[in-house]
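Some notes on the structure that comes next.
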Amino acid sequence: MSFTLVIHGGAGNITPAIMNAQQELEYTAALQAALRKGAEAMKAGGSATDAVVAAICEMEDNPLFNAGRGSVFTKKGLNEMDAAIMDGSDLSAGAIAGVRNIKNPIKLAREVMLHSGHVFLSNEGAAEFALKQGVETATDEYLFNKSRYDQWVEIRDTDYTQLDHKGDNLKGPIPNTGHKFGTVGAVACDAQGNIAAGTSTGGMTNKRFGRIGDSPVIGAGTYANNRTCAISCTGHGEYFLRAVVAYDISCLMEYKGMSLQQACDFVIKDKLVKMGGEGGLIAVDAKGNFDFCFNSAGMYRGMTNSEGKEIVGYYGE
Ligand code: ASP
């Protein structure tokens, strides 16, 4: 039985200068735990989709990442989370935006995919559906994260928006350089050669009420198709939305015959750079080829496969 699993925990200004030894240990352990959860799911006979959900849940439960428990605060001091999942075997997809008090938004996205008859639910509609499906909720207390709250308190009376980590305040709704993005994502190829992608995020600190990024938008931050690739993005969402990044990579493979790596390099390191968009992605195809690709200083990332290989990294080469 052969499988491949690739994950990310956000891209951005991640350099040895901003990480101490303790933080490196913490991120390594967190990424390894997510890889192992995802791999276990596939070893037990689970699908690529099962592995994506298992790996992402592990990261959503870890306050190190800006998703689930570690989600950042909006302009109104709330957590509003976005997530999406897509199954490349039949192009089924589920997404949610602006949800609050959900422990694992990726599980709600999967419920939307499997049981709603729709693809994308938001706000109260998503909350009502979560209740109906018995999706686990979380209290404000559970979702409260002191350091992310302090980040928000510092800038809540300004027009600044902050991308996940302290010290990177950016004026206006469309920030541009020098920050980190803590979104999480996973892509997998299972023993049947089916691929899947998922992404989950709290978005940006002090983001406008109702703002939706690229992560839950099928084709922008998340996409999977067995014929081409499974992609999960992280970075400055407004650019990823406008560049329709994940689907663009799939199209370059399908219509132009590019390899996975050629397509990722072209979109992330050429097209997006020319637009001024910062970030990265993880990718896998149905043969188990994979890629980490980013134009920022670093990206929290990891990969494992059925041969027991395990890679964890943060910085650029
Ligand atoms: N792409 C996400 C967003 O714009 C942010 C991130 O990747 O951390 O909401």
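The values are calculated or read from the model by the stated rules, or taken from the named source; none is laboratory data. What you see is a predicted model, and the numbers here were worked out from it, not measured in a lab. Here the Cβ positions follow ideal geometry from the backbone for every residue, glycine too, while neighbour counts run over all protein chains shown. Quick note on the areas: whole protein, heavy atoms, side chains included, nothing else; ligands and nucleic acids left out. Shrake-Rupley method; radii C 1.70, N 1.55, O 1.52, S 1.80 Å.
Using only the Cα atoms of the chain, build the gyration tensor, take square roots of its eigenvalues as a ≥ b ≥ c, and label the shape rounded, prolate or oblate: rounded if a/c is under 1.5, else prolate if a/b is larger than b/c, else oblate. In terms of gyration-tensor shape, rounded.
Taking all protein chains into account, the per residue accessible area for the chain stands at 39 Å² (1.4 Å probe). Sequentially through region 271-287, phi angles give Karplus couplings (6.51, -1.76, 1.60; θ = phi - 60°) of 4, 5, 4, 5, 7, x, x, 10, x, x, 7, 10, 8, 8, 10, 6, 9 Hz, Gly and Pro residues having no value and appearing as x.
Residues whose amide H falls under 5 Å from that of ILE218, counting only those 5 or more places apart or on a different chain, are absent, with hydrogens built in the peptide plane. Full extension of the chain segment joining ARG242 with TYR315 gains 23.7 nm, where the gain is 0.36 nm per residue of separation less the Cα-Cα distance. Here the label points at ARG208 and GLU136, each 7 Å from Cα along the C-beta direction, are separated by 3.5 nm in the simple model. For region 5-37, backbone nitrogen atoms closer than 12 Å to the point 7 Å from ASP150 Cα along Cα-to-C-beta are found at no residue. Modelled label positions at GLU124 and GLN192, each set 7 Å beyond Cα in the direction of Cβ, lie 3.9 nm from each other.
Can you return the aspartates and glutamates within cross-link range of LYS132? Criterion is Cα-Cα under 16 Å, with same-chain partners fewer than 8 residues away left out. Of all the aspartates and glutamates, those that pass the test against LYS132 - Cα under 16 Å, at least 8 places apart if same chain - are GLU111, GLU124. How large is the charge dipole for region 8-161, taken about the Cα centre, if only the Cβ atoms of Lys, Arg (+1) and Asp, Glu (-1) carry charge, to the nearest 20 debye? So the dipole magnitude of region 8-161 works out to roughly 120 debye.
Among the listed pairs LYS37/LYS103; LYS43/LYS309; LYS103/LYS309; LYS75/LYS274; LYS207/LYS269, those with a Cα-Cα distance over 20 Å are LYS103/LYS309; LYS75/LYS274; LYS207/LYS269. Reported value for region 6-146: 128 Å³ per residue, from the convex hull of its C-alpha atoms. Proximity of backbone amide H atoms, modeled 1.01 Å from N, is registered between SER122 and ALA97 at under 5 Å, excluding neighbours fewer than 5 places apart on the same chain.
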